[in-house]
Every structure is written in C-alpha cells, then in structure tokens.
Amino acid sequence: MLKIRILLFTVSLLVIWLLFILPKHVVSNEDQGAPADSASQVAHTEPPQELRSAIASLREAWETSAEKEKSAIFADSLADRYKEAGRFDSAAWFAAEAASFFDTKESWIRAGDKYYEAYTFAVDPARQEEMAEKAREYYGKVLNAEPSNLDVKTRMAMTYLSSENPMQGIAMLREVLAANPQHPEALFNMGLLSIQSGQYRLAIERFEMLTRVDSTHLQGQLLLGVALLNAGEKERAKAQFEKVKAMDGDPAVQAEVDSYLKDLK
C-alpha cells in the first residue's frame, strides 16, 4: 500500500495513530494552577514578540482582576492567544477557566474544542489521554444538554480512537451517520478510518458522498484520490488529483498532489 500523505495544512481530526504524524507544538503545564507563562514554555517555535507581549498583558490583567466576569473574559481571550502561539494545552486551560464562569453550552463547546486540539497535538501518550478525557468531559456536558449535537458527538468520538476502547468511538461515528448520512465531519473521519484499515472501496464511498455534500472540501477531494489510487483505479485517481490541483493554487497543495501524480507514472 502506498504511504498515506496528508497536507500539513489539513485540519487534523485526531488520526495521529492512523495515518500520519504532524509537526507538533508541545506545552508542558503544571499539574495544578495556571499554566506557566508563555515565555518559559517549551515549544518548537517561539511566538512573535508582539504575540508574546499580548499574552503577557492579558495574563497580568487576568491575574489582577478582582471581578470574576472580567477575569473570565481575559481567560477567554488568552485561550485564543495561546492557540495562536501554538500552546494548545494552555489555550485549553484558559478556555476551561472561562467556561467555569460562563457555564453555558457555547463555553463548554469552546473548552471541549480547545482540549480536543491539545489532544491532537499531544506527543506524550499520557498527556494525550489527559487532554482527551478533558475534551470528553466538556463534550459530555454539551451532549447531556443537547443529545442531537452531531458535530460535538463526532469530535467526542474521535477522542476514543487512541483509548483502550476505540470501538466506542467508531460506534459513535456510525450513530452520527445513522442520524445524518451526509454529516461532513463524520464522513471524513470514517473515510480516514476506512483507508487506515485497507477498506478502500468503503473509503471511496465515504469520500464520494462527502464531496457531493461539499464539493469544496479540499481534504476530502484529496483523500478520494488517495483511496482511488490504493484501490488500483489509477485513471480515476489521476483525474481526481488533477481536480485537486485546479481547486487550490497554494504551493503546498500543488507539491503534495504532484507527489501523488509521480506515483502514477
């Protein structure tokens, strides 16, 4: 089977153990209390000075604010700034701080999404599972209030895939597709899982459905080509990759697709 390659800009949906490993930004926060200041955190790249200054200013405001609502607002802003800096677990920590005050469905989703991102980029398995558990905690609150939220259910399902019970995640994805056979994120994830397990015909079905639902879904269009290539349908795969080239002129997209087209020669 050809090695599966995904564009670095692709929104990774926590399939690290399935298909590929992305470059990661890692933060090692303290077990208790607020995360260390960004200047002292370890990451592969240092954020720009302007961003570091913004974080420092917001942290000072958060630490010194006597009003809980203002403190929560500062925490919410810090979540965005830390995400921008690539400090994903710090972003999650502050989103959770804000959610503890606002205590709304929207704030739970925001905290869950931030922990989900931290889970996606975690390197250490123990840290990864810790972030997954926190994501499930907040997603669970959302689903208790709104069981029909398929977007949240899909992301929660993905957090189980590196756990001791990955089938629970797969079962949840199937439930999502049973409720909505055209759910884009669930189709995308199930297509990835089908490629990982060598079920290329099923993957083709998933990605064909996805691209009918959303013809602009670049990752889905690319992976449809990958599934066709691995299924031995070289002519269809070539046409699909050419379609992806025409969809986006970004050099990274062009280089990625060209690498697949070379495999077809």
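Coordinate-derived values only; no laboratory data. The model shown is predicted, which means the values in this text are computed figures rather than measured ones. Glycine also receives a Cβ, built like all others from the backbone with ideal geometry; neighbour counts cover every protein chain displayed.
Odds and ends about this structure:
- Contact map, the range 240-265: residues that are at negative phi paired with residues that are polar (S, T, N, Q) and crowded, with 16+ Cβ neighbours inside 10 Å, Cβ distance under 6 Å, separation 6+ or inter-chain. Pairs shown: V244/Q221.
- Of the candidates A186, A135, the single residue that is under 23 Å from W93 (Cα atoms), in contact with a helix residue (DSSP H, G or I) (Cβ under 6 Å, 6 or more places away or on another chain), aliphatic (A, V, I, L, M) and assigned to a helix (DSSP H, G or I) is A135.
- Residue that is under 27 Å from T120 (Cβ atoms), free of Cβ contacts under 8 Å to residues at least 24 places away in the same chain and assigned to a helix (DSSP H, G or I), where the choices are A95, A61: A95
- Looking only at the range 162-183, and only at residues there that are over 17 Å from the mean Cα position of the chain (by Cα) and in a loop (DSSP other than H, G, I, E, B), the one that is surrounded by the fewest Cβ atoms within 10 Å (Cβ to Cβ): E164
- Failed condition for N230, given (1) surrounded by fewer than 16 Cβ atoms within 10 Å (Cβ to Cβ); (2) more than 30 Å from R127 (Cα to Cα); (3) not aliphatic (A, V, I, L, M): (1)
- The residue that is surrounded by the fewest Cβ atoms within 10 Å (Cβ to Cβ), among those in the range 140-161 that are more than 14 Å from the chain's Cα centre (by Cα) and within 25 Å of F88 (Cα to Cα), is G140.
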